[in-house]
Amino acid sequence: MKLGFIADLHLDINEKRKRGDVLDVFLEEIAKQQLEAICIGGDISNDYKETLATIDKIEHDLNIPCYFVAGNHDLWNIHYPGKRTWDIYNDLKANQRNLANGPQQLNDKWVIIGDIGWYDFSFGNYAKYQIQDFMNMKMKGSTWQDKEYTDWATHSVDIHQFFMERFQEQLLRCKNKNIIFCTHVVSHHLFTVPTPHRIWDYFNAFLGSKDYEQLVSNHNVRYALCGHVHFRKKVKVKETEYICSSLGYANQWRYKNTKDEIEHALTVLHLD
Ligand SMILES: [Fe+2]
């Protein structure tokens, strides 16, 4: 089976940056590669309704399953002021391909498990900052935008813990399968931005959690997929290949045209 993985399409932001062709080019690439299923690792858009419409369009046009997890941008209420994050999360969960609904069997041997996950500030630089600094989500006039556009009604660490417990239960339940584990947030410290760094000493705190490395190593995870940080990278650690396949914002791209960029960003997994 050929499964494609990509994250951080940011369709609306890229459209504003004159790259309104991202979805069409992505669809062409999926067809060209004859993929049999897709997984999108979050941050499809800043509007959950556009995110849901995108999943429907991919499935309708290509007639293959398109699994996905929410990204922090998909959960933003920037277009729905005051809307609670859990409400947007549940609206996205209404689509059955959202991995928040539980493990999805891909074939006899492979299962895919995932959800957005969250950050617990464990990737922050504690030589320079304290937990209270990270809880402020603001540093030298720069604000981590989740502060403005998400409202979980509880502490980030509690949200992280909620997802951890659910992942633990699901990973254990699927221990006899080969597991693909997909989060939006970063699941390995090698995917954080190298430090010392002027701003990422602080903002790495919002990328994910060290807990995921331990979680992955304790279970039969063959591929750990993520997005969120807009750097592409693949790292093999023991039996697990960690993959970050973000498309990211057009101003971060390395190629001039959308087709080349998507070809480079898309990861194809051959699951036998
Ligand atoms: Fe993103």
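The values are calculated or read from the model by the stated rules, or taken from the named source; none is laboratory data. On a predicted model such as this, the values are computed, not experimentally measured, just so you know. Positions of Cβ are backbone-derived with ideal geometry, glycine not excepted, and every protein chain shown enters the neighbour counts. The area values use the complete protein model at the heavy-atom level, side chains included, leaving out ligands, DNA and RNA. Shrake-Rupley method; radii C 1.70, N 1.55, O 1.52, S 1.80 Å.
Pairs Lys177/Lys236; Lys49/Lys83; Lys93/Lys259; Lys32/Lys259: which are spaced more than 21 Å apart, C-alpha to C-alpha?
Lys93/Lys259
Measure off, as a whole percent, the carbon and sulfur share of the 1.4 Å-probe accessible area of the stretch 2-270, all protein chains present.
46 percent
I want to check the label-to-label distance for Val268 and Met1. Put each point 7 Å from Cα in the C-beta direction and report it in nm to one decimal.
Inter-label distance under the simple model: 1.7 nm.
With a 10 Å cut-off between alpha carbons and a GNM built on the chain, which of Ile179, Ile199, Ile112 moves the most?
Ile199
Report, for the stretch 62-191, the % of DSSP beta bridges that are antiparallel, rounded to 5.
35 percent
Which residues does a label at Gln105 reach in the stretch 156-198, if reach means a backbone N under 17 Å from a point 7 Å past the Cα toward the Cβ?
What the label zone holds, given the 17 Å backbone N cut-off, is 170-180.
Could you let me know the centre-to-centre spacing of the stretch 51-89 and the stretch 111-184, using Cα atoms, in angstrom?
Between the Cα centres of the stretch 51-89 and the stretch 111-184 lies a distance of 19 Å.
Which of the trypsin sites (Lys or Arg not before Pro) found in the stretch 101-209 are loop residues per DSSP with 13 or fewer other Cβ atoms within 10 Å of their Cβ?
Sparse-neighbourhood loop trypsin sites (Lys or Arg not before Pro): Lys109, Lys128, Lys140, Lys175, Arg198.
I'd like the distance separating the alpha-carbon centroids of the stretch 205-272 and the stretch 10-43, in whole Å.
16 Å
Per 0.36 nm of contour for each residue apart, how much would the distance between Asn257 and Thr143 grow if the chain were fully extended, relative to their Cα-Cα spacing?
Once the chain is fully extended between Asn257 and Thr143, it gains 37.9 nm.
Convert each backbone phi in the stretch 99-104 into a coupling constant with the Karplus relation 6.51 cos²θ - 1.76 cosθ + 1.60 (shift: θ = phi - 60°), then list the ³J(HN,Hα) values in order as whole Hz, x for Gly and Pro.
Working through the residues one at a time gives 5, 4, 7, x, x, 10 Hz.
Report the residues of the stretch 1-22 in range of a label on Tyr249: point 7 Å along Cα→C-beta, backbone N strictly under 11 Å from it.
Within reach of a label on Tyr249: 13-14, 17.
Using amide H atoms built in the peptide plane, which far-off residues or other-chain residues are under 5 Å from Lys138 H to H?
Sorted by chain and number, the residues that satisfy this are Trp144.
Could you give the dipole magnitude of the stretch 24-123 about its Cα centre, charging the beta-carbon of Lys and Arg +1 and that of Asp and Glu -1, in debye to the nearest 20?
Magnitude of the dipole: close to 260 debye.
With θ taken as phi - 60° and the coefficients 6.51, -1.76 and 1.60, list the Karplus ³J(HN,Hα) couplings across the stretch 240-251 in order, rounded to whole Hz; mark glycine and proline as x.
Couplings: 10, 9, 8, 9, 10, 10, 7, 7, x, 7, 4, 6 Hz.
At a temperature of 37 °C and a viscosity of 0.692 mPa s, determine how fast the chain diffuses translationally according to Stokes-Einstein, using the Kirkwood radius over alpha-carbon pairs as Rh; express D in µm²/s, rounded to the nearest whole number.
176 µm²/s
With a cut-off of at most 15 other beta carbons within 10 Å, and DSSP calling the residue loop, which GluC sites (Glu not before Pro) in the stretch 185-272 qualify? Please list them.
Glu239
I want to verify a result. In a Gaussian network model of the chain, Cα cutoff 10 Å, which of these has the top mean-square fluctuation: Leu106, Leu172, Leu11?
Of the options given, Leu172 has the highest mean-square fluctuation.
Output the antiparallel fraction of DSSP beta bridges having both residues in the chain, as a percent to the nearest 5.
Taking every DSSP beta bridge with both residues in the chain, the antiparallel ones total about 35 percent.
Using the heavy atoms of the protein chains and a 1.4 angstrom probe, tell me the accessible area per residue for the chain in square angstrom.
44 Å²
Choose one answer from Gln34, Gln170, Gln132: the residue with the largest mean-square fluctuation in a GNM of the chain with alpha-carbon springs under 10 Å.
Maximum fluctuation in the GNM of the chain, among the listed residues, is at Gln132.
With a cut-off of at most 16 other beta carbons within 10 Å, and DSSP calling the residue loop, which GluC sites (Glu not before Pro) in the stretch 1-107 qualify? Please list them.
Answer by residue number: Glu36.
Where in the chain are the helices, taken as whole DSSP H runs, whose Cα atoms extend 20 angstrom or more along the long axis and whose Kyte-Doolittle mean reaches at least 0.0?
In the chain, no H run is both long and hydrophobic enough.
So what does Arg17 come to for accessible area, using a 1.4 Å probe and Å² rounded to 10?
Roughly 100 Å² of Arg17 is accessible to a 1.4 Å probe.
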